[in-house]
Structures are given as structure tokens and as C-alpha cells.
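Notes for the one structure printed next.
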Amino acid sequence: MKNVFVAGHRGMVGSALCRQLQHQSDINLITRSRTELDLLNQAQVSDFFAETQIDEVYLAAAKVGGIYANNTYPADFIYENLMIQSNVISNAHIHDVPKLLFLGSSCIYPKYAEQPITEEALLNGNLEPTNEPYAVAKIAGIKLCESYHRQYGRDYRSVMPTNLYGSNDNFHPENSHVVPALLHKFHLAAQQKKRSVTLWGSGKAYREFMYVEDMAAACLFVMGISDKVFYQSVTPQCSHINVGTGIDCSIQELANTIAQITKFDGEIIWDTSKPDGAPRKLLNVARLKQLGFTASETLETGLTKTYQWFLDNDQQLRS
């Protein structure tokens, strides 16, 4: 029986990981709420690993948000993510945890990286300014895992997901990512029978979106790859693996799809005085496909499932 710790189990990705891990008979799933274990507190994290015999860690805990949140709270984003990663990864090593998977973000790549973005694009250009502090923290997490492998032989791996959405996402109207923000906004507009909805930017930027259950399945797949196969497919200083669908769409197309799903039939107005972010972010997922994993959920069906989850939990989200 393996003791598997999911850090960030109440978040969107962490909860999806737990749903899939709890069905495996050989796993003892270990979680801690923020009140039980403050990952920003080095002493608490050290005590936790000392008291609990952990065999594997899925590091899904992070401070996350959309353009508005990243632009408004840059110090919080870089500090909290650096501390969470450093505390968990270093203490996993100190307390002899053999396997760890760090979850990063596609924002680690340069703003104008050649599309689709390969893993080798890391550190080859300037980052998108609106989320640079968050991106720097995530890059540090990758390098921590690589460094513990290079220096101590630790099997600490990293995956870089594209834009994720799904159950347990953050639907806050200002601090959420684009999919939950649009779902919430169009839902309210449809309920209130508004004639128009105004959205940030031009809508011309392209983004790739992945349903969170596919992401969780990819994480378990990557952790299950043998040491020999995994480390033959990566290099010592480029060991992270992109996780995505390999398909993107414009934000205008996304908005139109969400409008249909939420039954909003009014006008969509684009406020071009607001930033678009990077013009395009599509991950090259050839490395992951060569290893044997391909995402299965389509955008429309994933969005429909996510909207249904939002409807089922709307009252709880308001409380």
C-alpha cells in the first residue's frame, strides 16, 4: 500500500487527482486542509513529512488566478508559490520521499514563443508581463525538481499543463481564469436577460483548453512511466513534459461556445482597451503523445459538464 499525498486537494486539479487516485486499491490517499497544514510554513511542512511516511507526492497546491489577479497581486503570487514549492519539494527530499510530481503552468514560456510551444522554449525569451512573477515561481519549481534529480538522483518530475477548466474551478467574477469567468458572466447575463456582455480584450488571442479530468489522468500516467523510459525521453535540464490537447481556439470562439451553452443570446462587446495577454499559447504535446497519452474530452462536452457542475453548486459557491 502506497501513501500518496496530494497537496492542494481542494483545488480544481487536486480534487480531480483525488477522484482518480481513490479508485486505486493499492493507494492510501493522504490530504490536509490549509488549517491542518500551512504549506507556507516551513516548520509545519517539515513536521508533516517527518510524521507521515509518504511514498509519492502530487504537488498541485498553488496560488492561481487570471490576468486581473496576477496583475494586481504580483508579490503575493511570486512569494506564495515559491514558498509552497520550496517547502514541499525540499522536505520531500529531506524525508526520503522517492517520487514527486510538480504541476507547473504553460505561462512559463516566452510571450512570443514559436507555436506550438515545445519544452525547449523554456528560458528562451521574455515572459508575458501580466503574469511574470507567477511564471518565474513555476520555473523555479521545475528547476528544483531537476536539481534534486541531478544532485541526488531523486525521481521528481514536472508537468506543464495548458489552460485547465472543470469541476471545483474558481468562479470568482474578477480573480478567476477565462473559462470559469466567462461561464459565470454569461450565466448571469442569461438569467438577467441582458442584451449585451462586455469582455476584456479583442477576443483574437488564441488559447488551448483542457478538461481537468484529462489533466489528472495525464498526471497519473506520467507518474506511472518507468524511470528508464521517462528519463530517456527528457534531458537533465529540460525534463518537464507539456500536457494539453494540441488544439486551440480564439477567445471569440470560446465566448460564442459558452454563450450557446449558457443560452445567452445577446450581443458580445469586446473592450479593446483591456489586454489580451499573449497572442497565442498552444503547447506542443508530441513528447506526451510519444510516451502514450492523448486527451479524450472535447472542448464543448467539457464546457457543458463544467457548466452543469456550476449549476449544481451555484448556491454553495455564493455562500
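The values are calculated or read from the model by the stated rules, or taken from the named source; none is laboratory data. Note that the coordinates shown come from a computational prediction; the quantities given were computed from them, not determined experimentally. Note that we place each Cβ from the backbone using ideal geometry, even for glycine, and neighbour counts take in every protein chain shown.
Return the residue satisfying two criteria in turn: it lies in region 149-166 and is closer than 21 Å to Glu297 by Cα and part of a loop (DSSP other than H, G, I, E, B), and of such residues it is farthest from the chain's Cα centre (by Cα). Per the criteria, the residue is Gly166. Selection within region 117-131: residues that are assigned to a helix (DSSP H, G or I) and at pLDDT below 95. The member of this set that is surrounded by the most Cβ atoms within 10 Å (Cβ to Cβ) is Asn131.
Residues in region 34-77 that are of a type in the set (A, V, I, L, M, F, W, C), outside any loop (DSSP other than H, G, I, E, B) and surrounded by 21 or more Cβ atoms within 10 Å (Cβ to Cβ) were compared, and the one that is modelled with the lowest pLDDT is Ala69.
Within region 75-105, the set of residues being among the small types (Gly, Ala, Ser) and touching a Ser or Thr at 6+ places or on another chain (Cβ under 7 Å) comprises Gly104 only. Candidates Ile225, Ile268, Ile258: the one that is out of contact with any Phe, Trp or Tyr (no Cβ under 8 Å at 6 or more places or on another chain), modelled with pLDDT of 95 or more, hydrophobic (A, V, I, L, M, F, W, C) and over 19 Å from Leu283 (Cβ atoms) is Ile268.
The single condition from (1) modelled with pLDDT under 95; (2) within 28 Å of Ala121 (Cα to Cα) that Ser250 fails is (1). Selection over region 88-110 of residues that are more than 18 Å from the chain's Cα centre (by Cα) and surrounded by fewer than 24 Cβ atoms within 10 Å (Cβ to Cβ) gives a count of 9.
Checked against the criterion of being under 22 Å from Leu183 (Cα atoms), in a helix (DSSP H, G or I) and of a type outside the set (Lys, Arg), the candidates Leu288, Leu303 yield just one match: Leu303. Scanning region 224-254 for residues being surrounded by 20 or more Cβ atoms within 10 Å (Cβ to Cβ) and either among the polar types (S, T, N, Q) or in contact (Cβ under 8 Å) with a residue 60 or more places away in the chain (or both) gives a total of 9.
The condition of being under 26 Å from Tyr307 (Cβ atoms), at pLDDT 95 or above and either in contact with an Asp or Glu (Cβ under 8 Å, 6 or more places away or on another chain) or not in a helix (DSSP H, G or I) (or both) holds for Phe209. Set side by side, the residues Glu146, Glu114 differ, and just one is more than 23 Å from His9 (Cα to Cα), acidic (Asp, Glu) and in a helix (DSSP H, G or I), which is Glu146. In region 3-30, the residues that are in a helix (DSSP H, G or I) reach residues that are of a type in the set (D, E, K, R) with C-beta atoms within less than 6 angstrom, at least six apart or across chains, in these pairs: Met12/Asp169; Ala16/Glu213.
Looking only at residues of region 167-200 that are touching a strand residue (DSSP E or B) at 6+ places or on another chain (Cβ under 7 Å), outside any helix (DSSP H, G or I) and modelled with pLDDT of 95 or more, we find that the one that is surrounded by the most Cβ atoms within 10 Å (Cβ to Cβ) is Leu199.
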